[in-house]
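The values are calculated or read from the model by the stated rules, or taken from the named source; none is laboratory data. Remember, it's a predicted structure, so these values are computed and weren't measured experimentally. As a convention, Cβ positions derive from the backbone with ideal geometry for all residues, glycine included, and neighbour counts pool all protein chains shown.
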Amino acid sequence: MRVLPMADHVDTNDPLPLAGLTVVDCSRMLPGAVLGRMLLDLGARLIKVEDPRTGDMMRSTPPLVGGTGVGFCVFFRGAESVALNLRDPEGAAALRALAARADLLIESFRPGTLTRWGLALPDLRAANQRLITCSLPGFVHSDPARAGAIGHDMNFVGLAGLSSLLHSQQIPGVQFADITAGTLACTALLAALLRRATTGRGGHVTQPLMSGPMQFMTWPWAERASNNPPFVTDLLGGTRPCYRAYTCQDGKKLMVGCLEPKFWFGLTAAMQCPELAAAGLDAGEPGQRAIARLEAKFASHPRQHWLDVLAPTGLPVTPIHDLADALHEPQLVGSGLLEQTPMPDGSTISGVGPTLPSVSRTPDRPVPALGAHTRDVLAEFGVAGNTPPT
């Protein structure tokens, strides 16, 4: 696989794709944060509605810098924070005023919660026919057994069968369901905005978190449905010599992704093991012997030695980084995928840059304090008194 240079960053003189659009984000935790960050990076104005007592739970999720969760700082830099008690009639009235002039409204409450508070989404859309609303429930509403239930990432990953493909405790250290569902929701909202541009009408998007892990299961489920022994899922699990991790003399690891015959032949030649040329995809005894041979070969020298040997070949063999090493990876440094994120105490940390670097850019404004924009935003949207009860 050839590594192509990344396209130039978006021209800062050009308007961002969602410039001029207003998003009211009533969601909580990671799925809405992923969605909100993508919309922010694309140029939308994001008004983050938070519980005045606690704020979004991500604010208090360790590690903290300057008293605020690092994750919240990374996802919500450039947002505006409005503190509203939506259970209170005046707080609900304030949200209705925001929704009446917004383009998008995001929520992740249990089904029926907003209706009990007098904030039913159909009513909000009736008052603003251009409004697009987005719900991020855990489960699919049509499932009566779980329609009102809650769940976390591990629950959705387990239900989809994805955890059965993982190693160790079958619990990933990252949030597959939350992050993927948030990204899918962004895609759905962009499509809804495109439709609105044609029809002039808003609409509603529901993106259950259960949809997140399903994107990873298309191929495994197809294999299972064929009633044949799995090949790709078995291969991707590291059972074949050509696609697995190997440990070098210094304990550091390499990813060997030489699936294609030409790459595998190139690897065996560079490693001076031409006798293994026919065993790259073998799952039987020849494959096991090839694995043992390569394990011994890689273990004979430190990782850097093998990186130097293999560098001229251009083969898909790369180091397995820990997080500290990844911060210095040339593919990230200077690419726009990694940038400095301002913290509340004035410091900066390395954080993820815009997800779509060729068409978006991260706001350079810091994360807002809880409720920092309440008075100004409510005055702008014509809420009487400007300070609904908290």
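Can you report the number of residues in region 183-203 which are under 23 Å from the mean Cα position of the chain (by Cα) and under 12 Å from LEU131 (Cα atoms)? Qualifying residue count, region 183-203: 3.
When each of LEU276, LEU307, LEU294, LEU254 is tested for being of a type in the set (A, V, I, L, M) and in contact (Cβ under 8 Å) with a residue 60 or more places away in the chain, the lone residue that passes is LEU254.
Looking at VAL367, VAL383, VAL333, just one residue is in a loop (DSSP other than H, G, I, E, B), under 32 Å from the mean Cα position of the chain (by Cα), β-branched (Val, Ile, Thr) and farther than 20 Å from PHE76 by Cβ, and that residue is VAL333. When VAL82, VAL74 are checked against the criterion of being buried (at least 18 other Cβ atoms within 10 Å of the Cβ), within 21 Å of ASP178 (Cα to Cα) and touching a residue at least 24 places away in the same chain (Cβ under 8 Å), a single residue qualifies: VAL74. Whether a residue is within 24 Å of SER360 (Cβ to Cβ), out of contact with any Cys (no Cβ under 9 Å at 6 or more places or on another chain), outside the structural domain of PRO363 (by TED's automatic domain parsing) and at pLDDT below 95 was assessed, and THR12 passes this test.
Of all residues in region 286-329, which are within 33 Å of the chain's Cα centre (by Cα), charged (D, E, K, R) and surrounded by 14 or more Cβ atoms within 10 Å (Cβ to Cβ)? Selection gives ARG303, GLU329.
When we screen LEU124, LEU95 for residues that are crowded, with 19+ Cβ neighbours inside 10 Å, free of Cβ contacts under 8 Å to residues at least 40 places away in the same chain and either outside any strand (DSSP E or B) or small (Gly, Ala, Ser) (or both), the only hit is LEU124. Of all residues in region 12-53, those satisfying the criterion of being part of a loop (DSSP other than H, G, I, E, B) and charged (D, E, K, R) are ASP14, ARG28, ASP51, ARG53. Listed conditions (1) surrounded by 14 or more Cβ atoms within 10 Å (Cβ to Cβ); (2) assigned to a helix (DSSP H, G or I); (3) at pLDDT 90 or above; (4) among the hydrophobic types (A, V, I, L, M, F, W, C) are all met by PHE156, apart from (3). All of ALA191, ALA177, ALA185 fail the test of being assigned by TED's automatic domain parsing to the domain that holds SER108, closer than 30 Å to MET29 by Cβ, assigned to a helix (DSSP H, G or I) and in contact with a Gly (Cβ under 6 Å, 6 or more places away or on another chain), apart from ALA177. Among the residues here, GLY237 does not qualify as surrounded by 14 or more Cβ atoms within 10 Å (Cβ to Cβ), over 26 Å from GLY173 (Cβ atoms) and touching a helix residue (DSSP H, G or I) at 6+ places or on another chain (Cβ under 8 Å).
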